[in-house]
Amino acid sequence: MPKGRDLLEATTLPLDQIAWEVGYQDSGAFRKIFTRLIGQPPADYRRRFSRQSQHD
């Protein structure tokens, strides 16, 4: 899941595309596995750890 975390932190790619990039064809499956492994849903993780500037 490191690549998924990196993409959530460093990009604004939609979750469907991130899921595809890390090998999931279904974003729902990615969301479920991510939440189980990381302890929070991808959207919450992105809000908390995003490295994108909030003032672009």
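The values are calculated or read from the model by the stated rules, or taken from the named source; none is laboratory data. Quick caveat: nothing in here was measured; it's all calculated off a predicted structure. Every residue, glycine as well, gets a Cβ built from its backbone with ideal geometry; the counts of neighbours run over all protein chains shown. Heavy atoms of the whole protein, side chains included, go into the accessibility calculation; ligands, DNA and RNA do not. Shrake-Rupley method; radii C 1.70, N 1.55, O 1.52, S 1.80 Å.
Per-structure values
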{"item": "Unit charges at the beta carbon, dipole of the chain: most positive-side option, Ser50, Gln25, Thr11", "result": "Ser50"}
{"item": "Helix-derived mean residue ellipticity, 222 nm - over the chain, DSSP H n ≥ 4, -39500 (n - 2.57), to 500", "result": "-18000 deg cm²/dmol"}
{"item": "Per residue value of the accessible surface for the stretch 1-46 (all protein chains in place, 1.4 Å probe), Å²", "result": "60"}
{"item": "Relative contact order %, the chain, counting alpha carbon pairs below 8 Å whose residues are six or more apart", "result": "39"}
{"item": "Under Karplus coefficients 6.51, -1.76 and 1.60, residue-wise ³J(HN,Hα) of the stretch 39-46 in Hz, glycine/proline x", "result": "x, 7, x, x, 5, 5, 4, 4"}
{"item": "Charge tally in the Cβ shell below 15 Å around Arg48, where Lys, Arg are +1 and Asp, Glu are -1, Arg48 excluded", "result": "+1"}
{"item": "Heavy-atom accessible surface of the chain: percent carbon and sulfur, 1.4 Å", "result": "49"}
